[in-house]
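Comments concern the structure below.
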């Protein structure tokens, strides 16, 4: 990579291999990759127990009232003296704070957590959405889960529904809307390595060839 700081955000359907694409992209570019690490960093920054972040990670409560509401992120951090300091909303706020700090200080790959929305006003960010047909996602998920048939399908659908609701709640946007992203890639057609190369090629066009040189 050049001295130019570039952040690639990866959103993904469960089973599409988006995390694998992110890991391989990180290795290809020689830059850090952040996924669960964001929880640890947000916990260290806030002083809030890491377990609370893990419990709320990419999920929203199941009450109908919560689902109907929105809490679109606006950059606010709720202070420690507030009863809402450890609320799910503030846990998201602290993760968003870390995401912004990373975007301002280093080149990296960030997975999930509405990073493409949190960083929507940053000129050095490229956002990608990795998707695939249901059958492909089920096949790939079945390779790592001890589930088959209806149980596997229900699990994958539940995880993707949680991601969709989480995104809608904190961004006010449809998770599946291609307008949220710079590039959308079908991993079933391209394969993981070609997805990586397509993102790298887009970087070269968007930020110049120097952006992808180690």
Only listed residue being under 23 Å from residue 122 (Cβ atoms), within 14 Å of the chain's Cα centre (by Cα) and modelled with pLDDT of 90 or more, chosen from 57, 35: 35
Total residues in region 181-195, condition part of a helix (DSSP H, G or I) and within 13 Å of residue 12 (Cβ to Cβ): 4
Lone qualifier among 139, 198 - being part of a helix (DSSP H, G or I), in contact with a helix residue (DSSP H, G or I) (Cβ under 8 Å, 6 or more places away or on another chain) and surrounded by 14 or more Cβ atoms within 10 Å (Cβ to Cβ): 198
Filter result (under 20 Å from the mean Cα position of the chain (by Cα) and free of Cβ contacts under 8 Å to residues at least 40 places away in the same chain) within region 198-214: 198
Any hit, region 157-171, residues being over 16 Å from the mean Cα position of the chain (by Cα), on the phi < 0 side of the Ramachandran plot and either surrounded by fewer than 20 Cβ atoms within 10 Å (Cβ to Cβ) or in a helix (DSSP H, G or I) (or both): yes
Qualifying residue in region 60-72 (condition: modelled with pLDDT of 75 or more and out of contact with any strand residue (DSSP E or B) (no Cβ under 8 Å at 6 or more places or on another chain)): yes
Test result for residue 126, part of a strand (DSSP E or B), more than 20 Å from residue 59 (Cβ to Cβ) and in contact (Cβ under 8 Å) with a residue 60 or more places away in the chain: yes
Residue count, region 20-56 (criterion: crowded, with 18+ Cβ neighbours inside 10 Å, touching a strand residue (DSSP E or B) at 6+ places or on another chain (Cβ under 8 Å) and closer than 21 Å to residue 195 by Cβ): 9
Search result, residues across region 90-119 that are farther than 23 Å from residue 14 by Cα and either out of contact with any helix residue (DSSP H, G or I) (no Cβ under 6 Å at 6 or more places or on another chain) or in a loop (DSSP other than H, G, I, E, B) (or both): 90, 93, 97, 100, 101, 102, 103, 104, 105, 106, 107
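The values are calculated or read from the model by the stated rules, or taken from the named source; none is laboratory data. What you are looking at is a predicted structure, and each value in this text was computed from that prediction instead of being measured. Note: ideal-geometry Cβ built from the backbone for every residue, glycine included; neighbour counts use all protein chains shown.
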